[in-house]
Amino acid sequence: MIKRSISLLPFLVIVLLSYSQHSVRFIISYFPLRDLSDSNLFIAGSFNGWNPQDSNYSFHKKDKARLNDPIGQGKYFLEIGLEDGSYEFKITGGGWNKVECKKGGVDIQNRFLKLTSDTIINMTVEEWADNIEKKPRVSSASKNVHIIDTAFLMPQLNRTRRVLIYLPPDYVNSKKRYPVLYMHDGQNIFDDLTSFAGEWGVDETLDSISSHRKEMIVVAIDHGGSKRMNEYCPYDMSEGPNGEKFGEGEGNKYVDFLVKTLKPFIDKNYRTLKSKQNTFIAGSSMGGLISMYAVLKYPKLFGGVGVFSPAFWIGPKIFDDIKAKGGKVNSKIYFYCGEQEGENMVPYTEKAFSEMRKVSKSKMVCIIRPDGKHSEWVWKEEFPLFYLWLMEK
């Protein structure tokens, strides 16, 4: 069932969408001085997968201005086309460590845009995160988190990647075997030091509640930075909303790496329960998309899936795969999203849930939080609920 905090949503939801596209002009009239050029001032938001250095969303400087020109000489501008809807975004200097913030370095909420017509948005940037001298961040990973390899070979992609593992507190002093959960965006799973904007705290959660439930090993694979979008999408992304070229979808190869290279290594070197009923996968945003794809491609391998705030609009062909392959899936699937994550998040998540119900006998739940945002701290709060639901018999 689809669960909301205030009421149950009827099984069949009819969503009327308007596909009219509007011109949106973003203008930055002021930002603190820094070594900045046209090539490294960007907008990142729900309309481009929150990519902080997307060349298709870079600002340009207005060197000359005509009379009554709304941009004005010396200002930075970006013009894109977007459909009716609600969007969130931030300004960056080319990375999340260079994102806009308040004076003193305090994080700001995402900027919000509800679009119904052509729009001009004038903005100022108070400060850049990397201009602020901050106290050194320290590792928050528990003693039960270990690095398997800083450069684990991914032969399917001809790359290497850091891979982490969480072992239950009693692992060393027992001979038990454990279920395994594979998670993406490993930088954000255990450690605030390596996280983008806070960690999930999976290690602390399992340290505290696993003694009351079946314990679990968690394997976290770091994302590939500039290759994250490609590795977490199984479909070519050649046609973005503004003609941007995201490139080849490498998700098929990435999932093959998990199944054919990483899982055999984990099963060989750690005391795992290898069966489908004890093998799980989970992730958020693009990680939610690739987790859904993984169970569709390998329905006999993954017995449980956590699909958090999935970026299905980046790879809408997932719905074709659900119709074609969903009937072979009989697993536990936990869909989650929030109503504050943009116009497409809730309808796309509900569509995946509903389409799966038509073809699959899987045990599924769809959780919709009215106050849910696209953020690690939200997924951190949701993870214990997913874990407890997953471990139910």
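Restricting to Cα pairs below 8 Å that are 6+ residues apart, what does the relative contact order work out to for the chain? Please round to a whole percent.
Working: 829 pairs, mean separation 54.3, N = 393.
Computed value for the chain: 14 percent relative contact order.
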**Q.** Taking the C-alpha atoms of the chain, convex hull volume expressed per residue in Å³
**A.** 150 Å³
Q | For q = 0.20, 0.21, 0.24, 0.26 Å⁻¹, Debye-computed log10 I/I(0) when each Cα of region 308-393 counts as one equal scatterer | A | -0.96, -1.04, -1.23, -1.31
Q | Fraction of beta bridges assigned by DSSP in the chain that are antiparallel (%, nearest 5) | A | 50 percent
Q: Could you order Glu381, Glu343 by accessible surface area, starting with the largest, using a probe radius of 1.4 Å?
A: Glu381, Glu343
Q.
With a 1.4 Å probe and all protein chains left in place, how much accessible area per residue does region 84-201 have, in Å²?
A. 51 Å²
Q: Mind grabbing the accessible area of Ser226 for me, 1.4 Å probe, Å², rounded to tens?
A: 90 Å²
Q. Using only helices, what value at 222 nm comes out for the chain when you add -39,500 (n - 2.57) per DSSP H run of length 4 or more and divide by the total residues, to the nearest 500 deg cm²/dmol?
A. -5500 deg cm²/dmol
Q.
For a quick check of understanding: with a 1.4 angstrom probe and all protein chains in place, what accessible area in square angstrom does Asp84 have, to the nearest ten?
A. 50 Å²
**Q.** Accessible-area order (highest first, 1.4 angstrom probe) of the listed residues Glu392, Glu250, Glu133, Glu204
**A.** Glu133, Glu392, Glu204, Glu250
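So how do 26-32, 197-203, 357-363, 183-189 stack up, highest first, on mean other-Cβ count within 10 Å? Mind showing how you got there, number by number?
On the way: 26-32: 17.0, 197-203: 21.9, 357-363: 14.9, 183-189: 24.7.
The densest-packed peptide leads the list: 183-189, 197-203, 26-32, 357-363.
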Q.
Report, to one decimal in Å, the Kirkwood hydrodynamic radius for region 240-390 based on all distinct Cα pairs.
A. 15.9 Å
Q) Once the dipole of the chain is set up with Lys and Arg at +1 and Asp and Glu at -1 on Cβ about the Cα centre, which of Ser139, Phe280, Gln109 lies farthest towards its positive end? A) Phe280
**Q.** Entries in Lys268/Lys300; Lys98/Lys263; Lys317/Lys361; Lys268/Lys363; Lys268/Lys317 that, when Cα-Cα distance is taken, lie over 25 Å
**A.** Lys98/Lys263; Lys268/Lys363; Lys268/Lys317
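What number do you get for region 246-295 when its Cα radius of gyration is normalised by 2.2 N^0.38 Å, N = residues?
Against the compact-globule rule of thumb, the ratio is 1.26.
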Q. How long are the three semi-axes of the equivalent ellipsoid for region 246-330, computed from the Cα gyration tensor as the root of 5 times each eigenvalue, in whole Å, largest first?
A. 22, 15, 12
Q | Nearest-20 debye value, the chain charge dipole, Cβ charges on Lys, Arg, Asp, Glu | A | 1580 debye
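The values are calculated or read from the model by the stated rules, or taken from the named source; none is laboratory data. Quick caveat, the model's predicted, so the values are computed rather than measured. When we count neighbours, we look across all protein chains shown, and the Cβ atoms used for this are built from the backbone with ideal geometry, even at glycine. To get the accessible areas, we keep the full protein, side chains included, count just its heavy atoms, and leave off ligands, DNA and RNA. Shrake-Rupley method; radii C 1.70, N 1.55, O 1.52, S 1.80 Å.
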